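None of the figures in this text is laboratory data; all of them are computed from the coordinates on show. The structure presented is a predicted model; accordingly, all values stated were derived computationally and were not measured. Glycine gets a Cβ as well: all are built from the backbone with ideal geometry, and neighbour counts include every protein chain shown.
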Amino acid sequence: MTPDLIVTNARILTMDPARPRAGAIALGGGRILALGTPAETEALAGPATRVIDGRGRSVLPGFVESHLHLVLGGAELSHLHLTGLHGLDALRDAFRGFAARHPDRPLLMAQGADYGIIGRPMTRHDLDAMLPDRPIAITAHDHHTVWANTAALRAAGILQGMATPHGHEVVMGPDGCATGELREFEAFSPVIALGGEARLNLGIATGAEPSPWPEPAERAIDRARVLRGLQHCAAHGITSMVNMDGNRYTLVLLRELQAQGDLLARVKVPFHFKPQMDLAELDRATEMTAEFDDDWLSSGFVKMFMDGVIDSRTAFMLNDYPDQPGHRSEPLFPPDRFARIATEIDRRGLQIAVHAIGDGAVRATVDGYAAARAANGPRDSRHRIEHIELIDPADIPRLGALGITASLQPAHPPGAMDFPLEPTLGQIGAARWKDAYLCRTLAEAGAPLAFASDWPVTDVSVLRGIRAALTRAPFPGAGDERLDLMQTLHAYTAGGAWAAHRDHVTGRLREGLAADLVMLDCDLENVAPCEIDRQGVALTICGGRITHEMAL
């Protein structure tokens, strides 16, 4: 086959140990046809072959985003963004300016607030003082808390409270009204719905399907939001992603985008199993897996939440929170029930991915995976734990022994990128900083690693994530948890593909694999770690198709 495209004179890092480097790559028919020197690869060109001069820039396998929320991120691109903003005056000015620019929006939604944005707990009254007459709401940077004003609470029908499943809470005040703080997805989903995004939030809020099924015009609105997310990710070199929330509707939207030629990445979508569900609901996971199972769209796994997050003290801990004696939070799934559920999912041949942040949640998850293996026997399950922000030292070797993937986000450790040191470090306690946000320790203990952003929790930029991974300062009294550049790149490429059961398709640059690659606007190996985030993505190719290109 004559190549459609050749990238030559490049510094190609293949992530393939059999041939780690090359100078040129030829692509055709959506596959990698050849790797070699510029001279031997350029000799394959035909009259219609496009030849791109890499000019010494780095070429890598397309980045694998191992944990994001694509449809939420796409929708949130049009919201107000507050990252780095602090103080009531700055918050008020930002909201009033946003309101003036969007006079017709039924909900003014903001993203990216840290828990100390105004220096104390925020209430609806604080937000009322900014804009009393229009519904406004703010999502915390971790997406596990929303603060809403009185107008939003009233419009959503939850000013007087609402019954929610275990682990989700409309916080109530002594006056019998909601304070404005809404913890976890089913508590704040009525507010989110005011902005017309209820259908896109079902995958993470309830795991249910929209009912009635959306009309074509409604699906077109939702597809446009998803497409914005795909375009945003392509601009950052992402060619494969694991969407960590979802339902069949998510996959249908993506299939419709594929039909119109707008699917810009390979996407894996889970069935989201919620604590209130019966085991029989797993039939839906099996059906989704059978219906969507190709190189572009697939399911094949079940996502669960074992706990919340540290900043709202909903992460499940083995010991009391230092600043709240007697409080450890609770797991969303009792450990014995989780073990039964994990065993059944594993018996069906499906992968499991569990959000577990506190060390109690991590232990319960590892125990459940061990129970599944004991019941069903070992197999190539590649079960995963998402986040692992705190882990008991006794559980570290268990991940490697059980083959559990540590799905980590280099941007999440406080101080590494956008998240402040407090209140997180204070709520972990200095005595446990050595057990927090481990990376190198887990890798050295044999745990496979997959890196991601958790977008829109943090910026989806892989280059910013790489910088965070390489420059993160150790916490006082804790070890250096950084990996080197090649280990970090592996976790964003081959490691992520393996963790997603997609290593037979992508993740390395090897003849016969998918033509998924990214060319950076630099020679990455000769860029200082502190400068990596200032570099650009010159070219993104997925399945042989250019999905992003800057002026070359």
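For the stretch 131-221, a Kirkwood hydrodynamic radius built from all Cα pairs, placed in the Stokes-Einstein relation at 4 °C and 1.567 mPa s, yields a translational diffusion coefficient of 95 µm²/s. Sorted largest first, the principal axis extents computed over the alpha-carbon atoms of the stretch 425-498 equal 35, 29, 18 Å. When the alpha-carbon atoms of the stretch 81-205 are used, the pair Rg, Dmax equals 13.3, 38 angstrom. Counted residue by residue at 0.36 nm each, then reduced by the alpha carbon distance between them, the extension gain from Glu215 to Gln276 reaches 19.1 nm.
What is the fewest-to-most order of Cys439, Cys177, Cys522, Cys233 by other Cβ atoms lying within 10 Å of their Cβ?
Placing the least packed residue first, the sequence is Cys177, Cys522, Cys439, Cys233.
I need the Debye-formula profile for the chain: one equal scatterer per C-alpha, no solvent, reported as log10 I(q)/I(0) at q = 0.06, 0.08, 0.10 1/Å, two decimals. At q = 0.06, 0.08, 0.10 Å⁻¹ the computed log10 ratios are -0.28, -0.51, -0.81.
Subtract the Cα-Cα distance of Ala430 and Arg31 from 0.36 nm times their separation in residues, and report this length gain in nm to one decimal. Before the final figure, lay out each step's value.
Details: separation 399, 0.36 × 399 = 143.64 nm, distance 5.04 nm.
Extending this stretch completely gives an extra 138.6 nm.
For Glu65, nonlocal amide neighbours, meaning residues 5 or more places apart or on other chains whose placed amide H falls under 5 Å from its own, are Thr239, Ser240, Met241, Val242.
With the contact rule set at Cα under 8 Å and sequence spacing of 6 or more, what percent relative contact order holds for the stretch 81-205? It comes to 21 percent, rounded to a whole number. Less than 5 angstrom separates the built amide H of Ile52 from those of Ile6, Val7, Thr8, all sequence-distant by 5 or more or on a different chain. In degrees, nearest 10, range 0 to 90: what is the angle between the Cα axis of helix 335-347 and the longest Cα principal axis of the chain? Its long axis makes an angle of about 30 degrees.
Of all beta bridges that DSSP places with both ends in the stretch 81-205, some 65 percent have antiparallel geometry.
Tell me the relative contact order for the chain as a rounded percent, counting alpha carbon contacts under 8 Å between residues six or more apart. 17 percent.
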